[in-house]
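Let me begin by presenting the structure, written as structure tokens, before commenting on it.
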Amino acid sequence: MADVELVIEGMTCADCAVHVRQGLERAGAHAVKIDWRSGAGTIAPGGPSLEEMNRALDGTHYRVAGLREPANADGPASDGDSYDYDLIVLGSGGGAFAGAIRARDLGHSVLMLEMGTIGGTCVNIGCIPSKSLLVSSLKHGGQAGALRHAVSVKAALVERLRQEKYIDLIDEYGIVLRAGAARLSGPHTVEVDGETISGRAILIATGARPAIPEIEGLEAAGYLTSTSALEVLEPPRRLAVIGANSVGLELGQMFGNFGAHVTFISRRALTPRSEPEVSAMIRQVLEDQGHTVLEHAHTRRVRSEDGEKVLEVQVGAETREVHVDQILVATGRQPNSEHLGLDTVDVNTDSSGAILVDRDQRTSVPSIYAAGDVTSQPRFVYVAAAGGAAAAQNALGGDEQRLDFANLPQIIFTSPQIALAGLTEERAREQGFDVQTTILPLEAIPRALVNGDTSGLFKLVAEADTGRLLGASVIADAAGEVIQAAVLAIKAGMTVTDLASTWAPYLTMAEGLKLAAQTFGRDVSKLSCCAA
């Protein structure tokens, strides 16, 4: 009998796999195999339950998010079975199109079902429009009518890219597109407008939408989300942003550049998954721009009063009132999974409704796969695309294509930008590493001096005994471009000595990685310009 497959969250290194294996064995599991890179594992059939395994891991940062029992009669179709399509794709965003294109490259038929606007989140209401507005805010923010003009520029760009990168590809690849809300009716079937359509495999890539917290009075007072904020034509004079991770910081700073005074309200520190030094730096930048930052704060209720919105915010033992003209809610995203009929076919989800997938992008139903923001995987469009392509390859190509999140880059497009790859210092210590770290302020980087902007830093985390680079964080102009070198260095297992001895072009921000690596062994302030 085949092994039980596990989806495991929280692993970032080989030591993590050892700790997880030991925990599962304590729970009574046998023949435990753990792959930390893919976040997956297997145990022998008849082992402990999901609850028993997680009880054994209690107190750690690891969690068994789901399991899949050995395939039964409802498993993947054989080549001899007859279906309407080889692959049915629910959704039309980055993950959906990547899966559809990969399936067509393999010579298989594809039906794509979309109930809304083609193109999904990124091109329509996510990455593209928000970054377009950010760029416009930096260039023209102080001009009269600048936001209205920026929205029109954004709309034209979105329309162009939706046509070129999505709609035109339908005919280019021979994908069958059909409008309609699809619902799973079996392991190989969906229902659309009363019609049952069958597929050898099904890929769910329906994305997510803004999650709205339950705050007394918020609904009555009214608020913006990351979607509706993109259509605002005149900046509010005063704006409160609830949530201070990537979406809240980017859109909040964008409105600030157009003239709004922004109050950022965060239940934890700003950018809570970043290094504390990075969080402190972006807070200082925002405050220097005249904005207000309330960290470790909880919005208890909202009311309307004399034409303005009043937020009652608990900050420690103190309750503050924040008076604003508009509220932006940026507290995460909710998977679009509740209307798919997942219960009908026993597709497992987590408590938020995110679909659980294994290392092959398979759900708990072997013929049904999922990718992108509707899953519990990191919510970045490049993860969605990689997941969609892997799902199609694994479902129809007979290969094992798996995602490795160990060196996944994460970027926040504030000014300055924030970028991270690998482990933070805290996360590395939690995983049992003995680490060394270094922090290099931008004052030590010639490119920043030339730019006249030294608000930022580089921080590297290395394994103490080997010098192996475990993580890199950058807050600086062009940090998003710089971090790719760190991604490659971590993937290659480079040491900080290796990084310090690589070529780095002078007067680039990327030189900061080399300089930061050099600080593990010397004081770089005592080097001449471009010294090796």
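Each reported figure results from applying straightforward, stated rules to the coordinates on display, with no laboratory input. Note that the structure is a prediction, hence the values are computed from the model and not measured. All Cβ positions, even for glycine, are placed from backbone atoms using ideal geometry, and neighbour counts span all protein chains on display.
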Computed from the coordinates I sent, P(r) over Cα pairs in 10 Å bins from 0, in percent equals one of [x] 3, 17, 27, 27, 17, 7, 1, 0; [y] 4, 17, 24, 26, 20, 8, 1, 0; [z] 3, 13, 19, 20, 16, 11, 7, 4, 3, 1, 1, 0, 0. Tell me the label. [y]
Can you give me the Rg/Rh ratio for segment 218-331, using Cα atoms for both radii and the Kirkwood formula for Rh? 0.94
Once the other residues with Cβ under 12 Å from the Cβ of Pro48 are scored (Lys, Arg +1; Asp, Glu -1), what is the net sum? -1
For segment 4-68, what log10 I(q)/I(0) values come out of the Debye formula at q = 0.23, 0.24, 0.29, 0.30 1/Å, with one point per alpha carbon and no solvent? -0.86, -0.95, -1.49, -1.62
Positive-end residue, segment 402-454 charge dipole about Cα centroid, Cβ charges, pick of Leu408, Leu442, Ile418: Leu408
Among Gln314, Ala260, Ser304, whose Cα projects farthest towards the positive end of the dipole of the chain, with charges put on the beta-carbon of Lys, Arg (+1) and Asp, Glu (-1)? Ala260
With 10 angstrom as the radius, rank Cys122, Cys13 by how many other C-beta atoms surround their C-beta, starting from the fewest. Cys13, Cys122
Indicate, rounded to the nearest 5 percent, the antiparallel portion of the DSSP beta bridges found entirely in the chain. 65 percent
Longest segment of the chain with no GluC sites (Glu not before Pro) in a DSSP loop having at most 13 other Cβ atoms within 10 Å? 1-213
What number comes out for the charge environment of Gly95, summing +1 per Lys or Arg and -1 per Asp or Glu over other residues with Cβ under 12 Å away? +1
Counting Lys and Arg as +1 and Asp and Glu as -1 over every other residue whose Cβ sits under 11 Å from the Cβ of Phe264, the net charge comes to -1
Table column - 3J(HN,Hα) (Hz), segment 95-101, Karplus curve with 6.51, -1.76, 1.60, x for Gly and Pro: x, 5, 5, 4, x, 5, 5
Counting just the Cα atoms, what span does segment 130-206 cover along each of its three principal axes? Round to the nearest Å and put the largest first. 56, 25, 19
Residues Tyr62, Tyr85 in order from fewest to most other beta-carbon atoms within 10 Å are Tyr85, Tyr62
Taking Rh as the Kirkwood radius computed over C-alpha pairs, what is the Stokes-Einstein D of segment 409-525 at 10 °C in a medium of viscosity 1.306 mPa s, expressed in µm² per second? 115 µm²/s
P(r) for segment 49-181: what percent of alpha-carbon pairs falls in each 10 Å bin, starting at zero? 10, 26, 21, 22, 15, 5, 1
Please work out how many pairs of lysine residues in the chain are eight or more positions apart (or on different chains) and have Cα atoms closer than 18 angstrom. 9
Taking the alpha-carbon centroid of each part, what is the distance from segment 405-425 to segment 29-57 in angstrom? 30 Å
Give me a comma-separated list of calculated 3J(HN,Hα) values for segment 322-333, in order, Karplus coefficients 6.51, -1.76, 1.60 applied at θ = phi - 60°, integers in Hz, x for any Gly or Pro. 10, 9, 9, 9, 8, 10, 10, 9, 9, 10, x, 10
Dipole moment magnitude, nearest 20 debye, the chain about Cα centre, only Lys, Arg, Asp, Glu C-beta charged: 1160 debye
